[in-house]
């Protein structure tokens, strides 16, 4: 999690976040994953900011279906539509789960501070009964408040490390569409960190 | 495309559409598909209404990546977030493409009337150069207006036939989540149309 230079798609994405900052749901994105049987899955998740290395942060419950799906297919694509500025970002990348047993100290610390940043109501949801199972009794949804300092064991930080970003601006005349592709580091590269922040930028037809 | 009884998830979805009718982008949804290499893809598309048999209508260009992806994996999941009423529908189902050579007369007619319902600007996009290819000259984006009556050959109607719908209402206390599952018709069923509109409804944990 070293501090890499900003990827070139970070600047238009930051601009979109700024232009849409009055809409709380401009930070809601849709994450596509693949089920164990090969069919796609798709759900709304909340963007929680970036790690220093261009990875997008989200949170999830270890008991959720997407966590199980990631064990079969670690790739995800986030689709992010900004209503005010009328633009879309599609971010394809590898997903990484940061769980209670995370060995990397920086990632473990990021998980803990994310837990501390949550509202009481958001933390409480991780003490609710198993998501997706038959509805539990109402009393199961009023657990005692979890410790605000130390995450519950099922609380996970979910990271997306994009390798391809597709930016479509509907407002252009015609529309503008730009593709960002991360160049794959060769096996002989001695400095994979340096290689990994090499991006090509291409204007494509909308 | 016979007129089946409304599936039980149609009523809450119609209510959400009504509550969010002031937002043009409440008709924008995200469609997840699977790429030929097994990785997911995700993009925003516009909901165009229902066929009489509970199938959702969208439109697409035969040259788009999702059409190629459907030849490998015909399943898709639509994620539909409604900002005003703060609820989400996830609709998993089979995708079907209605192209220029569609043999079913009712579907061919639905494709043609969808084309006629488009704005001039929307029709024009189907005469633009190949989407996703390196940006063509500006002049390529000012073709002559296509015939408003007869669709261009690359214009497709895209149908989603849901078999599972997951409805999450964030406003509940706690949140409410309902799952609708279509019962699979048995091989011995003599009346597959009757069997296919059998749904179970289950309250699940959010």
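The residues in segment B:74-115 that are under 15 Å from the mean Cα position of the chain (by Cα), buried (at least 18 other Cβ atoms within 10 Å of the Cβ) and within 11 Å of another protein chain (Cβ to nearest Cβ) can be counted, and the count is 13.
Matching residues to (1) facing another protein chain (nearest Cβ under 9 Å); (2) farther than 25 Å from residue A:28 by Cα; (3) in contact with a strand residue (DSSP E or B) (Cβ under 9 Å, 6 or more places away or on another chain):
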| residue | (1), (2), (3) |
| --- | --- |
| B:4 | no, yes, no |
| B:10 | no, no, yes |
| B:13 | no, no, yes |
| B:32 | yes, no, yes |
| B:51 | no, yes, yes |
| B:61 | no, yes, yes |
| B:64 | no, yes, yes |
| B:72 | no, yes, yes |
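Restricting the search to helices (runs of 4 or more DSSP H) fully inside segment B:1-118 and requiring at least 3 residues that are under 23 Å from residue A:177 (Cα atoms) gives B:65-72. Within segment B:123-140, being within 25 Å of residue B:112 (Cβ to Cβ), assigned to a helix (DSSP H, G or I) and either out of contact with any helix residue (DSSP H, G or I) (no Cβ under 8 Å at 6 or more places or on another chain) or in contact (Cβ under 8 Å) with a residue 60 or more places away in the chain (or both) holds for B:124, B:125, B:126, B:127. Residue-level check: of (1) at the interface with another protein chain (Cβ under 9 Å from one of its Cβ atoms); (2) free of Cβ contacts under 8 Å to residues at least 24 places away in the same chain; (3) under 15 Å from the mean Cα position of the chain (by Cα), residue B:40 misses just (3).
In a residue-by-residue description of segment B:142-160, the property of being out of contact with any helix residue (DSSP H, G or I) (no Cβ under 6 Å at 6 or more places or on another chain), surrounded by fewer than 18 Cβ atoms within 10 Å (Cβ to Cβ) and in a strand (DSSP E or B) applies to no position.
Output yes when any residue across segment B:176-186 is surrounded by 12 or more Cβ atoms within 10 Å (Cβ to Cβ), more than 21 Å from the chain's Cα centre (by Cα), at pLDDT 95 or above and in a loop (DSSP other than H, G, I, E, B), and no when none is. So far as segment B:176-186 goes, no, none of its residues is surrounded by 12 or more Cβ atoms within 10 Å (Cβ to Cβ), more than 21 Å from the chain's Cα centre (by Cα), at pLDDT 95 or above and in a loop (DSSP other than H, G, I, E, B).
The values are calculated or read from the model by the stated rules, or taken from the named source; none is laboratory data. If you're wondering where the values come from, they're calculated on a predicted model, not measured in any experiment. Counting neighbours? That spans all protein chains shown, and the Cβs are built from the backbone with ideal geometry, glycine included.
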